Amino acid sequence: MIKVGIIGVGTVGTSVAQILKENADVISARAGVDIIVKSGVVKNLNKDRGLDIILSDNVDDILNDDEIDIVVELMGGVEEPFEVVQRALKSGKAVVTANKALLAYHRYELQEMAKDIAFEYEASVAGGIPIINALRDGLSANHIESIMGIMNGTCNYMMTKMTEDGVAYDAILKEAQDLGYAEADPSFDVGGYDAAHKLLILASIAYGIDAKPEDILIEGIENVSQDDIAFAKEFGYAIKLLGIAKKDGNEVELRVHACLISKDEMIAKIDGVMNGISVVGDKVGETLYYGPGAGGDATASAVVANIIDIARSGKSAPMLGFDKPLEGKLTLKATEDINSKYYLRINVSDRAGVLAKITKVFEENNISVETMLQRPASANSANLLISTHIALEKDIQSMIKEISALEFVNFTPVMIRIV
């Protein structure tokens, strides 16, 4: 019999305990052994969770219990769970976590500490989608050329509603909060940080890149407007918040931001709170993974799958899937060296000569215009909606700075990359 201790019996932790009990027959058959939750740790002992397990508010009750074989960490945060997981590993206990922030900052340290002790984390990226195992095991014969995905259901829900129903950003953000998709402080989701944590985990498995969130390009969807969505529709695009990892020679670019993506791409068709991740391997080509990216049962399903894997073998392969550096000496590409097509919305005073001056700034920064539309914004102003041919990030940023300083430009231009 395998005994599990859950640290953090919230929505996901409660679902883990319920699944292990309700599906005990099929889980036992697949694991080859009975698995039970012996105890859990919570912050509030007065809250009824409907579980028949021992509950405590002290992590030592699990970490010091020699009968606990597997510690499931569902606390949230970074440094406190890092300390807890280190203690679990030092005591020889296997660990399962869904904590993407923990892994975004400490994944390499934890791999070094875990060594032959099982450490699994499927639920840390895209909830119920088995993308970790796909990259680490199913695609292990491939050089990974790119990863591109919708990794945050809150942003995808908001962009879907803005596109399909014409809802303004502020209104749909409030709706997402009312529905429980977005937190009272939504910046972690809408600012792109949640997706960035997940992208870093996937990039480590695919490329062996040891980067922190502070090292990569992270932008959110806060500045997307109905004008941008109208432009996207007119030219055959959808707007999505995407996490992108792409190998270019000996460099890997990592970025999270709103994108205009062709509506014919499969990723563009993924709507609502669902997640979808495209992985391109040099031998297999493109594979696509789709499913619920969050929610108690979906995330708990991935946690329980990891518990079953550990019960089968008692240990795991290296946590990130490799013992030695992958693909030689891959390095992180500098943000300023990323190249892409770009879309810009520039709000200007509606008067003669403006367009010529804007066009001159584009030319001086080596940026070629592909399409341009002008739309009225108010009685005295207009929005210039412009897409470019491929350009360097540093040139685009330099141009935006110059345009912002022009006396007839009313606001800092909004820029969205095109993939």
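Readers should treat all values here as calculations from the given coordinates under stated rules, not as data from a laboratory. The structure presented is a predicted model; accordingly, all values stated were derived computationally and were not measured. With ideal geometry, Cβ positions are generated from the backbone for all residues, glycine too; neighbour counts draw on all protein chains shown.
Maximal additional length on extending the Glu145-Ala317 stretch stands at 59.6 nm, based on 0.36 nm per residue less the C-alpha distance. Projected label points at Lys21 and Ser378, each 7 Å from Cα along the beta carbon direction, are separated by 5.9 nanometres. Please list, by residue number, everything in segment 78-102 whose backbone N is under 12 Å from a paramagnetic label point 7 Å out along Cα→Cβ of Asn58. No residue passes the distance filter.
When only Cα pairs below 8 angstrom with a gap of at least 6 residues are kept, segment 1-153 shows a relative contact order of 19 percent. Between amide H atoms placed 1.01 Å from N, distances below 5 Å from Asn275 occur with Gly291, Gly293, all of them 5 or more places distant or on a separate chain.
Think of the chain as having a plus end and a minus end, set by charges on the Cβ of Lys, Arg, Asp and Glu; of Leu51, Ser349, His389, His389 sits farthest toward the positive end of this dipole. What the Cβ-Cβ distance of Lys329 and Glu370 gives, at R0 = 35 Å and to the nearest 0.05, is a FRET efficiency of 0.45.
Find, to one decimal place in angstroms, the Kirkwood hydrodynamic radius of segment 294-419, where the mean of 1/r is taken over every pair of different Cα atoms and then inverted.
Working: mean 1/r = 0.0539 Å⁻¹.
Over segment 294-419, the inverse of the mean reciprocal pair distance is 18.5 Å.
So which GluC sites (Glu not before Pro) in segment 355-409 are both in a DSSP loop and have at most 14 other Cβ atoms within 10 Å of their Cβ?
Those that pass, being in a loop and sparsely packed, are Glu407.
Determine one quarter of the surface area of the Cα convex hull of segment 1-111, which equals its mean projected area, and express it in nm² to one decimal. Projected area, direction-averaged: 6.9 nm². Coupling constants for segment 34-40 follow from the phi torsions by the Karplus curve (6.51 cos²θ - 1.76 cosθ + 1.60, θ = phi - 60°), and in residue order they are 6, 10, 10, 8, 7, 7, x Hz; glycine and proline get x. For segment 52-67, backbone phi angles converted through the Karplus equation (6.51, -1.76, 1.60; θ = phi - 60°) give residue-by-residue couplings of 9, 10, 6, 10, 9, 10, 10, 4, 4, 5, 9, 5, 9, 8, 5, 7 Hz, Gly and Pro being listed as x.
Amide H contacts for Tyr342 (H built 1.01 Å from N in the peptide plane; partners 5 or more residues away or on another chain; cut-off under 5 Å): Thr388, Ile418.
I'd like the FRET efficiency for Arg87 and Glu363, computed as 1/(1 + (r/R0)^6) with the beta carbon distance as r and R0 of 41 Å, rounded to 0.05. Display every interim value, and only then the final one.
Working: r = 60 Å, r/R0 = 1.47.
Calculated transfer efficiency: 0.10.
The distance from the alpha carbon centre of segment 172-224 to that of segment 263-298 is 16 Å, rounded to a whole number. Based on Cα contacts under 8 Å between residues 6+ apart, segment 1-69 shows a relative contact order of 41 percent. Note on segment 244-344: dipole from Cβ charges, positive end direction compared against Ala245, Ala294, Ala311; the farthest Cα belongs to Ala311. Near the amide H of Ile209, within less than 5 Å, lie the amide hydrogens of Ser204, all on another chain or at least 5 residues away, with H placed in the peptide plane.
Let's see if you can work this out: charge +1 on each Lys and Arg Cβ, -1 on each Asp and Glu Cβ, no other charges. What is the dipole magnitude of the chain about its Cα centre, in debye to the nearest 20? Before the final figure, lay out each step's value.
Working: 40 positive and 62 negative charges, 120 e Å.
For this selection, approximately 580 debye.
What FRET efficiency do you get for Lys263 and Glu79 if R0 is 60 Å and r is their Cβ-Cβ distance, rounded to the nearest 0.05? That pair, Lys263 with Glu79, gives E of 0.90.
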